[in-house]
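J.: This structure is in structure tokens; I'll ask about it shortly.
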Amino acid sequence: MFADIVSNLSLGLSIAASPEGILFLLIGAFVGMIVGLFPGFGPAAGIAVLIPLTFGLEPTIAIIMLAGIYYGSMYGGTITSILINTPGESATVASTLDGYPLAQKGRAGPALVMQAVASFFGGTIGVILITALAPSLASLAASFGPSEYFLIIAVGLLMLTTMMGDNKFKGFISALIGFAVGTVGVDVMSGQQRFTFGSPELIGGVYFVAVAIGLFGVGELLHCILNGQHREPAKKLRISFRDKEFWPSKQDYYESRYTFWRGSIIGFIAGVLPGSGATLGSIIGYSVEKKIAKDPEKFGKGEMRGLVAPETANNAASAGAMVPLLSLGIPGSGATAVLLGAFMMWGLQPGPLLIVNDPGFVWGLIASMYLGNMILILLSIFAIPLFVKFLDVPYVNVVPVIVLLCVIGAFAINASIVETWILVISGLIGFAMKTYGYSPAATVLALVLGSMAEETFLQSYIISDGTMSLFWERPVSLVLSIVLLTIIAVPLTVATLQRYRSNRMFSSDDKA
């Protein structure tokens with residue numbers, strides 16, 4: 001088996017490492033980073049816009065370039081999350097929680113380097129796992145139905161508690177806002193419109209990007225202006241590769257040594273499951289890291305592990321998403337759906353026979369992902385001084401540029417003014433949340449996961465004729481149900497035992 005893997009990778013490298021392959025991989029990776037820098041644009045839009053430029057190319061080279069845009073955007077999307085607290089897409093929302101505070105503490109350089117290293121590590125681990133486990137994982141993913149997806153999403157929703165900050169009540173209210181916004185659109189059961197107010201643009205629901213840009217980007221700007229930050233002089237950061245302040249410390253790497261592995265494994269598993277992908281992977285990766293940390297109070301205040309966990313997870317998930325796409329023809333996200341369309345344009349039919357009928361294409365694409373991660377880590381690190389110069393610009397001059405980018409990003413979603421109004425309203429809500437201690441992250445994540453949970457739950461309900469038996473009749477569902485109940489029961493049991501011990505100690509002191 002190992003000999004087959006080496007032989008297949010050699011075949012793939014002979015295609016991906018050709019001068020033409022390297023050239024278009026470099027173009028795709030660079031464009032992907034730029035796409036990630038523009039809030040709201042996203043890899044799906046970037047791939048769709050550039051598909052016409054690949055006409056005339058050999059199919060494998062064309063897909064290598066488009067795939068480079070896909071996973072390259074995961075690198076670039078975190079740069080704005082760190083520097084201006086504006087995630088480019090939902091997969092980088094969790095990265096803002098500690099990435100932006102790190103930049104505010106004067107550690108923008110180390111944060112950007114560490115996100116590049118974490119992205120490289122997660123992406124590379126993901127590709128290694130694809131190489132070794134793709135056939136087995138594809139058959140496992142094929143056995144998943146709506147009930148399994150709902151239970152996985154339910155685990156992600158439970159992890160929302162880690163995004164809610166110190167005030168759980170305000171965090172709960174923040175999540176409810178996200179769930180409420182997620183109900184806009186068409187009811188899955190009846191097909192009736194809900195809360196669309198007669199607007200055809202809202203029939204498909206409220207797209208999370210406009211909400212995320214408003215809550216994080218515009219809301220943060222308004223809050224900074226309220227605090228007078230626009231009157232402060234520029235930070236004038238002067239960092240270079242020779243400065244110690246540019247690089248993460250040995251302690252950063254030491255404390256994150258297990259985080260790299262945990263985030264990568266969690267993200268890859270999430271990526272393999274169609275419909276979950278990088279967003280759920282980054283959420284669970286961050287939440288697990290905070291849950292098991294001995295010092296969870298540091299998270300959200302500029303903790304490097306809080307940046308490494310979602311970054312390794314979302315890049316490993318972008319690799320994992322290739323498993324169902326190549327082996328089953330099932331796209332797990334908007335970007336992979338566009339890639340699926342590109343496959344078909346060149347007469348390639350993803351599915352179990354693809355690797356048999358066209359091994360050069362499949363292994364050329366997989367080999368290009370190894371090379372792409374190497375290219376992207378170099379691009380990311382060597383461009384950091386340029387990115388950090390953004391902080392040298394006086395804040396009063398940065399504000400209109402960020403607002404313009406936010407408006408363009410929101411409008412570009414569907415070329416509709418409705419998304420722009422959603423951006424404005426979300427910005428005002430985000431400003432109020434920031435001012436009064438609510439959690440914008442919980443709102444966005446509840447919006448993303450809530451609609452997915454509703455859809456998969458109702459599908460399970462319909463399939464089981466209203467008995468909900470799918471959740472314990474199917475073996476995988478039963479295991480996931482037990483895991484879900486365990487996650488709920490363990491904290492309650494621990495809290496009960498702690499109260500019991502405290503009461504016993506209190507009673508003993510009274511008797512003494």
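J.: Please determine, by comparing only the residues of the stretch 219-234 that are part of a helix (DSSP H, G or I) and modelled with pLDDT under 70, which one is farthest from residue 443 (Cα to Cα).
T.: In this case the residue turns out to be 231.
J.: Kindly provide the set of residues from the stretch 480-490 that are out of contact with any helix residue (DSSP H, G or I) (no Cβ under 9 Å at 6 or more places or on another chain) and open to solvent by less than 90 Å² (accessible area, probe 1.4 Å), ordered by number.
T.: Once the filter is applied, which keeps residues that are out of contact with any helix residue (DSSP H, G or I) (no Cβ under 9 Å at 6 or more places or on another chain) and open to solvent by less than 90 Å² (accessible area, probe 1.4 Å), the stretch 480-490 yields 486, 489, 490.
J.: Filter the stretch 76-110 for residues that are farther than 19 Å from residue 410 by Cβ and within 10 Å of the chain's Cα centre (by Cα); which is surrounded by the most Cβ atoms within 10 Å (Cβ to Cβ)?
T.: By that ranking, first place goes to 94.
J.: Looking at 246, 195, 216 in this structure, which one is more than 19 Å from residue 77 (Cα to Cα) and either modelled with pLDDT under 80 or open to solvent by less than 10 Å² (accessible area, probe 1.4 Å) (or both)?
T.: 246
J.: For the stretch 448-468, what are the residues that are open to solvent by less than 40 Å² (accessible area, probe 1.4 Å) and modelled with pLDDT under 75?
T.: Correct list: 448, 449, 466, 468.
J.: Where in the stretch 331-447 are there helices (runs of 4 or more DSSP H), lying wholly inside it, with at least 2 residues that are at pLDDT 80 or above and under 23 Å from residue 278 (Cβ atoms)?
T.: 359-382, 417-436
J.: Against the conditions (1) among the aliphatic types (A, V, I, L, M); (2) surrounded by 12 or more Cβ atoms within 10 Å (Cβ to Cβ); (3) at pLDDT below 75, where does residue 189 fall short? Just the number, please.
T.: Single failed check for residue 189: (2).
J.: Does the stretch 278-297 include one or more residues that are closer than 18 Å to residue 72 by Cβ and hydrophobic (A, V, I, L, M, F, W, C)?
T.: Yes, the stretch 278-297 contains a residue that is closer than 18 Å to residue 72 by Cβ and hydrophobic (A, V, I, L, M, F, W, C).
J.: Somewhere in the stretch 175-184, is a residue closer than 30 Å to residue 295 by Cβ, at pLDDT 80 or above, assigned to a helix (DSSP H, G or I) and open to solvent by less than 40 Å² (accessible area, probe 1.4 Å)?
T.: yes
J.: Looking at the structure I just gave you, is residue 32 part of a helix (DSSP H, G or I), closer than 30 Å to residue 290 by Cα, in contact with a Ser or Thr (Cβ under 8 Å, 6 or more places away or on another chain) and modelled with pLDDT of 75 or more?
T.: Taking the combined requirement at face value, the residue satisfies it.
J.: If the Cβ limit is 9 Å and pairs must be 6+ apart or interchain, which residue in the stretch 415-438 that is touching a residue at least 40 places away in the same chain (Cβ under 8 Å) pairs with which residue that is surrounded by 14 or more Cβ atoms within 10 Å (Cβ to Cβ) and among the acidic types (Asp, Glu)?
T.: The qualifying pairs are 416/201; 418/201; 419/201; 430/220; 431/220; 434/220.
J.: Pairs only if they're at least six apart or on different chains, beta carbon under 9 angstrom, first in the stretch 39-68 and modelled with pLDDT under 65, second hydroxyl-bearing (Ser, Thr, Tyr) and assigned to a helix (DSSP H, G or I); list them, first residue then second.
T.: Close Cβ pairs satisfying both conditions: 39/80; 41/73; 42/73.
J.: Here is a list: 456, 467. Which entry is polar (S, T, N, Q) and not in a helix (DSSP H, G or I)?
T.: It is 467.
The values are calculated or read from the model by the stated rules, or taken from the named source; none is laboratory data. Just so we're clear, the structure is a prediction, and the values are computed from it rather than from any experiment. In this analysis, Cβ positions are derived from the backbone assuming ideal geometry, glycine residues included, and neighbour counts consider all displayed protein chains. Just the protein is used for accessible areas: all its heavy atoms, side chains included, with ligands, DNA and RNA removed. Shrake-Rupley method; radii C 1.70, N 1.55, O 1.52, S 1.80 Å.
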